[in-house]
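Below is one structure, written out as structure tokens; the observations come after it.
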Amino acid sequence: MWLKETIRPYYLRWVYFPLDARRRPQAFRDCWRYPNDPLSESVRLPESASGLPDLVFYPMTDWHARIQRTQHLARAFAGLGFRVICLNPHLGREFESTPLFDRRHRLARLEANIFELHVRLPREPVFHHRLLTPPEEEIVADAVAKVLPKQARAIQMLSFPLWLGVARRFREQSRFPIVYDCHDLLSGFQNIVHSLIDAERDLLETADLVLFSSQGLMDRFPTARKSLMVRNAVSAAAFPNGTRPDGPPVVGYIGALDSWFDVEAVEQSAILHPECRFVLAGRVEHDAIHRLRALPNLEFAGEIPYSRVPELLSQFHAALIPFRINSLTRMTNPIKLYEYFSCGLPVVSTPLPEAQTMGDLVYLGDTPAEFARQVGLALAEEDPQRRARRREIALRESWEARAREIRGQFEELLNSSPLGKFFQ
């Protein structure tokens, strides 16, 4: 294992990627489109002008791969005046050169109040394949410390147990609280190693505050420490106002096309409704999904930038959440549900627990045949009040509202520590 991890960065850059440049992940290119500098004393962030503590985000996914909960929350906090430092989880693999030639970490400015820290580890681990070693944790912690002001005031937001050792160092040395944002069932993913899943138990017990994105997660992980339900949300102002589009009916889905995607439900729907055009937007990550290409009224739009999501949703007459019911999806609170609601769209879903909480605003189908039938009912909906109620929910359940709710908990955390004075 050690030899494999040591050889990987050199093999990737000198053999694998050069043979076919398309094999280099797009996220590894996109992250360098932002202004960035090697870490040095002159790059260190100054004291926050807002007087608020900095937020250090330790993510579960790459900022540049797909817009998810971490990015939405980071942007909402930045809008409230917090300064956000988000780590790139690839820990060196995203660099074009190996540490043999350049070992410097780099800091990039993504948006107003949002920065991304690129840390170089000698062995460049795949972040969901193994835990970090103590020396690697020390390297990451040292890089974060070089970014923060010398008299740092910070709160640590973890979305993945990989980072626990780093976060513990800061809490022990600087009393930076640890907040765990538990937004997925890690054991439901096939590519996360057991050692990381096991480490989550330690994180749940260690965190000063645990945020849960669904009732299912909160019920599964009762914790003795303080916890808070913080479901997903949407920035509804960025989406169309819910006017039903003209033209032939379009039924659509936007999101990952992975093993939890119910191929049979979508297949039956397209067959039963040949007059409709079905559009699936997202990267195909499970081979079984390709069989849908045989359907004449179904098209794959591919992965689209998040900026184009509102435009595509404006063309839909109904939207889908066709997730197989399993341990992972039972715990999920789909962001897309709020995005669909922001447009007033009738939503057809399998009976996910979080979808069921929306009552008659969501059409539920527990078998492929019933799912297809519910698509017909959704398309026939002529109730403007339902569309208005969906829009009202989306306007109320905003990412800014979520950030303000969490900030209230920050105050309680920090009021019991030497940092408390900065909220007074």
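The values are calculated or read from the model by the stated rules, or taken from the named source; none is laboratory data. Just so you know, these numbers come straight off a predicted model, no measurement behind them. Reconstructed Cβ throughout: ideal geometry from the backbone, glycine too, with neighbour counts over all protein chains shown.
Can you name the residue in the range 263-284 that is of a type in the set (Val, Ile, Thr) and out of contact with any helix residue (DSSP H, G or I) (no Cβ under 7 Å at 6 or more places or on another chain) and, of all such residues, is surrounded by the fewest Cβ atoms within 10 Å (Cβ to Cβ)?
Start the filter on the range 263-284 by keeping residues that are of a type in the set (Val, Ile, Thr), which leaves 263, 266, 271, 279, 284.
Subset that is out of contact with any helix residue (DSSP H, G or I) (no Cβ under 7 Å at 6 or more places or on another chain): 271, 279.
Values: ILE271: 13, VAL279: 20.
In this case the residue turns out to be ILE271.
Could you check, for the range 175-185, whether at least one of its residues is of a type in the set (Phe, Trp, Tyr), within 22 Å of LEU73 (Cα to Cα) and crowded, with 19+ Cβ neighbours inside 10 Å?
To start, the set of residues in the range 175-185 that are of a type in the set (Phe, Trp, Tyr) comprises 176, 180.
If we keep only those that are within 22 Å of LEU73 (Cα to Cα) too, we end up with 176, 180.
Now narrow it down to the ones that are crowded, with 19+ Cβ neighbours inside 10 Å: 176, 180.
Yes, the range 175-185 has at least one match.
What's the number of the condition PRO248 fails, among (1) in contact with a Lys or Arg (Cβ under 8 Å, 6 or more places away or on another chain); (2) surrounded by 16 or more Cβ atoms within 10 Å (Cβ to Cβ)?
(2)
Could you count how many residues in the range 213-234 are modelled with pLDDT under 95 and either in a loop (DSSP other than H, G, I, E, B) or not assigned by TED's automatic domain parsing to the domain that holds ALA167 (or both)?
The qualifying residues number 5.
Would you check if ALA256 is closer than 20 Å to GLY188 by Cβ and over 21 Å from the mean Cα position of the chain (by Cα)?
Numbers: closer than 20 Å to GLY188 by Cβ: yes; over 21 Å from the mean Cα position of the chain (by Cα): no.
Considered against the rule, which asks whether it is closer than 20 Å to GLY188 by Cβ and over 21 Å from the mean Cα position of the chain (by Cα), ALA256 comes out as no.
Among (1) crowded, with 16+ Cβ neighbours inside 10 Å; (2) modelled with pLDDT under 95, which single condition is PRO384 missing?
(1)
Tell me yes or no: at least one residue of the range 114-134 is touching a Cys at 6+ places or on another chain (Cβ under 9 Å) and farther than 21 Å from LEU52 by Cβ.
Yes; the residues of the range 114-134 include at least one that is touching a Cys at 6+ places or on another chain (Cβ under 9 Å) and farther than 21 Å from LEU52 by Cβ.
When you look at ILE271, is it in a helix (DSSP H, G or I), modelled with pLDDT of 95 or more and either over 30 Å from the mean Cα position of the chain (by Cα) or not assigned by TED's automatic domain parsing to the domain that holds ALA318 (or both), yes or no?
Criteria met by ILE271.
If we keep just the residues of the range 362-377 that are aliphatic (A, V, I, L, M) and within 13 Å of ILE321 (Cα to Cα), which is surrounded by the most Cβ atoms within 10 Å (Cβ to Cβ)? Spell out the reasoning first.
First pass over the range 362-377, keeping only residues aliphatic (A, V, I, L, M): 362, 364, 369, 372, 375, 377.
Applying the additional criterion that residues be within 13 Å of ILE321 (Cα to Cα) yields 362, 364, 372, 375.
Values: VAL362: 23, LEU364: 18, ALA372: 21, VAL375: 28.
The qualifying residue surrounded by the most Cβ atoms within 10 Å (Cβ to Cβ) is VAL375.
Out of all the residues in the range 63-84, is one or more buried (at least 19 other Cβ atoms within 10 Å of the Cβ), in the same structural domain as ALA154 (by TED's automatic domain parsing), of a type in the set (Phe, Trp, Tyr) and more than 24 Å from ALA167 (Cβ to Cβ)?
no
May I ask you to say which residue of GLU354, GLU370, GLU411 is among the acidic types (Asp, Glu) and not assigned by TED's automatic domain parsing to the domain that holds PRO274?
Result: GLU411 is the single residue among GLU354, GLU370, GLU411 that is among the acidic types (Asp, Glu) and not assigned by TED's automatic domain parsing to the domain that holds PRO274.
Residue under question is VAL348, and the condition is that it be of a type in the set (Val, Ile, Thr), out of contact with any Gly (no Cβ under 9 Å at 6 or more places or on another chain) and modelled with pLDDT of 95 or more; does it hold?
In short, no.
Looking at the structure I just gave you, is LEU312 surrounded by fewer than 17 Cβ atoms within 10 Å (Cβ to Cβ) and hydrophobic (A, V, I, L, M, F, W, C)?
On the way: surrounded by fewer than 17 Cβ atoms within 10 Å (Cβ to Cβ): yes; hydrophobic (A, V, I, L, M, F, W, C): yes.
Criteria met by LEU312.
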